[in-house]
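Worksheet for the structure shown next.
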Amino acid sequence: MISVTAHFLYTGKGSPIKYGIVQLNGEGIIEQVINPGGTLRESAGTRFYNGILTPGFLNFLGAPSLKQVFPPHIDPTIFRNFASLNPITEGVVHDDQQEILETMKAFREYGYDLGSLIFWATWLSAVEAGLQDQLGSIEPGKEPGINHIDGVNLETMHLDEHAVVKALF
């Protein structure tokens, strides 16, 4: 069993969990998500990451139905990193997590909050790809991959310009 935690856990759906813990089995499948009630619980074998944890990003945000959620004043070239993919032939997860994060950073100037950006890059993209039963959220039984994002202002919950992402699982 592998346990990981960070300052905040974004599950892909719902509000972030302060010091949320994710327990995964040896195959990377989520066994349990623990909400410690905002209190950091030190536990032998639990890996702590400075920043936030999210489900793996999916490179599917360029899909036409998702573009409709963005205001028309957004430059369409911002979607360059989110070309619609065929999930069967090209795969959707772990494409280039940093490239997706860079596009998410570009949305900051339009006033989008971090929770919305993560929701779009994880859960909504999984739904668009038809893979919401396997990917897009951190829930027991799923294997969405886990990202660690460092470079988040934890007081304002905004990505800073030097934010980086690393796929952990």
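Each value in this text was obtained by applying a stated rule to the coordinates, not by laboratory testing. Source: prediction; values computed, not measured. Cβ placement follows ideal geometry from the backbone for every residue including glycine, while neighbour counts extend to all protein chains displayed.
The figures follow:
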{"item": "Spin-label zone in segment 134-169 - amide nitrogen under 19 Å from a point set 7 Å from the Cα of Asn25 along the C-beta vector", "result": "134-146, 169"}
{"item": "Label-point separation, Gln134 to Asn153 (7 Å along Cα→Cβ), nm", "result": "3.9 nm"}
{"item": "Distance in nm between pseudo-label sites at Ala44 and Glu99 (7 Å out along the Cβ direction from Cα)", "result": "4.4 nm"}
